[in-house]
Amino acid sequence: MSLVDFVVEVVKRNGDTVISQSGSRVVAAVQPILASGATGREYGVEVACQEGRLSAREFGTSFLPNWCPERHINPNGTFCLYWEEAEPLAFATLEDVAFWWGKVLAFLARQGPAERLRRWPGKGDARAHGAEAARAQAEAEEAAATLGPEFTFDLREGRLATSMSRLGGLQRVRLLRDGRRIASVDIRRRTVLTLRSRCRCGEAAVTRLPLCACGQHAGALAVLTLALHRWSRAEAEFFAHFARSGRKCCGTIDDCPLAGWVPSDEPQARRVA
């Protein structure tokens, strides 16, 4: 079976309708199952099979914006379904295509709630915008996991942010939780200042260990802080690039960076998840 044949078979097995099949493209009518168990609205979806890869876009219906980073729609209208650098997918078998199609269905199931809520549901599960920001996000997630479940939760919930400060000619990045500083990192040395202060992990509330004696937490806290800083800057540059090229906000998501974008040399502290 060809890759196109795999797509046709997976669409039919899912209970959706193949409208047309031509060359390397398949058009289907798709109704995703929502989190409530109800059937969502019917989308027209075009799947393109090119060079052994698959991509999907809306076709024949007009429920989605032509482009919206916050709703994970690429500039060419294709759906941003996964981060290939961290999750390279194969498309050699029917099971491979079925796994990818599951991502299409999950993407479509979230679009209705995103439109109603004017925010992306499950934002903590999404990848950051742009490759550099996504790499920084992955680094921040790994460091947060080292620090414990409290940091993982705070990162997913968008409670962590960074801001720059200068003291005595030294550049520092401050790590903020709900707007309050919990650590400062020397950018040049990539180390946390005041290592003898109590660790910020959950266990330190009981052990009362200083940061320098609490396992690998001093290094993890520095990595987390600097990764968040890079993540914020990279996402700011991602949106600035499109703003400078004349791209406009589609107006369907509140707090979209494009909606209020103004030129700036230094991104402001912002929540990054």
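The values are calculated or read from the model by the stated rules, or taken from the named source; none is laboratory data. Keep in mind that what you see is a predicted model, and the values were worked out from it rather than measured. Heads up, the Cβs are rebuilt from the backbone with ideal geometry, glycines too, and the neighbour counts pull from every protein chain shown. When the accessible area is computed, the model is the full protein with side chains, heavy atoms only, and any ligands, DNA or RNA have been set aside. Shrake-Rupley method; radii C 1.70, N 1.55, O 1.52, S 1.80 Å.
Filter the range 40-50 down to the residues that are open to solvent by 80 Å² or more (accessible area, probe 1.4 Å) and either assigned to a strand (DSSP E or B) or at pLDDT below 90 (or both) and list them by number.
Gln50
Would you check if there is a residue in the range 201-208 being hydroxyl-bearing (Ser, Thr, Tyr) and either over 28 Å from Arg119 (Cβ atoms) or touching a Cys at 6+ places or on another chain (Cβ under 8 Å) (or both)?
Yes, the conditions are met somewhere in the range 201-208.
With Ala161, Ala183, Ala204 as the choices, which residue is surrounded by 14 or more Cβ atoms within 10 Å (Cβ to Cβ) and closer than 15 Å to Arg230 by Cα? Give the derivation first.
Details: Ala183 fails: closer than 15 Å to Arg230 by Cα; Ala204 fails: closer than 15 Å to Arg230 by Cα.
Exactly one of Ala161, Ala183, Ala204 is surrounded by 14 or more Cβ atoms within 10 Å (Cβ to Cβ) and closer than 15 Å to Arg230 by Cα, namely Ala161.
Could you tell me whether Cys201 is of a type outside the set (Asp, Glu) and either within 27 Å of the chain's Cα centre (by Cα) or at pLDDT 95 or above (or both)?
It is true that Cys201 is of a type outside the set (Asp, Glu) and either within 27 Å of the chain's Cα centre (by Cα) or at pLDDT 95 or above (or both).
It is to be established whether one or more residues within the range 56-65 are among the polar types (S, T, N, Q), open to solvent by 40 Å² or more (accessible area, probe 1.4 Å) and in a loop (DSSP other than H, G, I, E, B). Talk me through it step by step, then tell me what you get.
Residues of the range 56-65 that are among the polar types (S, T, N, Q), as a first pass: 61-62.
Next, from what is left, pick out any that are open to solvent by 40 Å² or more (accessible area, probe 1.4 Å): 61-62.
If we keep only those that are in a loop (DSSP other than H, G, I, E, B) as well, we get 61-62.
The answer is yes; a qualifying residue exists.
For the range 124-241, list the helices (runs of 4 or more DSSP H) that sit wholly inside it and hold at least 3 residues that are more than 30 Å from Asn74 (Cβ to Cβ); which are they?
Where helices (runs of 4 or more DSSP H) fall fully within the range 124-241 and carry at least 3 residues being more than 30 Å from Asn74 (Cβ to Cβ), they are 149-156, 204-207.
For the range 134-142, does any single residue satisfy the condition of being farther than 24 Å from Gly219 by Cβ and either open to solvent by 60 Å² or more (accessible area, probe 1.4 Å) or aromatic (Phe, Trp, Tyr) (or both)?
No - not one qualifying residue is present in the range 134-142.
Tell me which of these Ala145 doesn't satisfy, since it passes every other one: (1) over 24 Å from Cys214 (Cβ atoms); (2) modelled with pLDDT of 95 or more; (3) among the small types (Gly, Ala, Ser).
Exception for Ala145: condition (1).
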